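Participant: Got a structure here, written out as structure tokens. Questions coming.
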Amino acid sequence: QWQLGKIYLHGEGCAVNAPIAVNWFHQAGEKDHAMALFDLAECYVHGIGVETNNQMGLKYHEQAARLGNRESQFIAAASYLNGIGTAVNIPTAITYLELAAYQGHVGAAALLQEYSKPRSRRNSNSSP
């Protein structure tokens, strides 16, 4: 089902049809397919085949994150850091950063290191 969604999303051997792709991603996501949930989240975030909805995008990124998708973990962290689709929640963001960093996500590791610095050093542009 996820692969059918990718086919319709990119028009591989058929016409591009983003709403049908979203439908296939949703069906695969109901079966806990992490990549389908990631793609579904991105469709909501970018308004592909559905209206843009950052709350729905975060919902599906969090589902994919719980299934171990490190990119969704990183995106969920960024959403909580910046209040995109949710209120700012630094502890939740750090939890997602830790999960993604543990799986080797370089950007998550860098942000996690930044947030582990004392606040005064984080806000300063001067050398330590």
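The values are calculated or read from the model by the stated rules, or taken from the named source; none is laboratory data. The shown structure was predicted, so the numbers you read here are calculated from the model rather than taken from an experiment. Virtual Cβ from ideal backbone geometry, glycine too; neighbours counted across all protein chains shown. With ligands, DNA and RNA removed, areas are computed over all heavy atoms of the protein, side chains included. Shrake-Rupley method; radii C 1.70, N 1.55, O 1.52, S 1.80 Å.
Participant: With everything on Cα atoms, drop me the angle between helix 18-29 and the longest principal axis of the chain, reported from 0 to 90° to the nearest 10.
Facilitator: Helix 18-29 sits at roughly 70 degrees to that axis.
Participant: Kindly state, to the nearest 0.05, the FRET efficiency for THR52 paired with LYS117, given R0 = 25 Å and r defined as their beta-carbon distance.
Facilitator: Plugging the Cβ-Cβ distance into 1/(1 + (r/R0)^6) gives 0.15.
Participant: Can you give the net charge of the other residues whose Cβ lies under 10 Å from the Cβ of GLN73, counting K and R as +1 and D and E as -1?
Facilitator: Counting the neighbours of GLN73, the net charge comes to -1.
Participant: Using a 1.4 angstrom probe on heavy atoms only, work out the carbon and sulfur share of the accessible area of the chain in %. Write out the running numbers ahead of the final one.
Facilitator: Working: 3790 of 7310 Å².
Taking all protein chains in place, the chain shows 52 percent carbon and sulfur surface.
Participant: Still on this structure, please answer the following. Using a Förster distance of 25 Å, how high is the FRET efficiency between VAL88 and ALA110, based on the Cβ-Cβ distance and rounded to 0.05?
Facilitator: The value I calculate is 0.80.
Participant: Identify which of the listed values of volume of the Cα convex hull per residue in Å³ was calculated from the structure shown: (i) 148; (ii) 115; (iii) 131.
Facilitator: So the calculated entry is the one marked (ii).
Participant: Over the chain, with the other protein chains present, what is the accessible area per residue in square angstrom, probe 1.4 angstrom? Before the final figure, lay out the partial values.
Facilitator: On the way: 7310 Å² over 128 residues.
Heavy-atom SASA per residue in the chain reads 57 Å².
Participant: May I ask you to evaluate 6.51 cos²θ - 1.76 cosθ + 1.60, the Karplus curve with θ = phi - 60°, for each residue of the range 67-74 and list the ³J(HN,Hα) values in order in whole Hz, giving x for glycine and proline?
Facilitator: Couplings: 8, x, 6, 5, 5, 5, 4, 5 Hz.
Participant: Sticking with this structure for a sec: What is the helix-to-structure angle for 54-66, meaning the angle in degrees between its Cα long axis and the longest Cα principal axis of the chain, kept from 0 to 90 and rounded to the nearest 10?
Facilitator: 80 degrees
Participant: Given a Förster distance of 35 Å, report the FRET efficiency between VAL16 and THR95 from their Cβ-Cβ distance, rounded to the nearest 0.05.
Facilitator: For VAL16 and THR95, the calculated efficiency is 0.45.
Participant: Per residue of the chain, what 222 nm ellipticity follows from adding -39500 (n - 2.57) for every DSSP H run with n ≥ 4, rounded to the nearest 500?
Facilitator: One gets -21000 deg cm²/dmol as the mean residue ellipticity at 222 nm.
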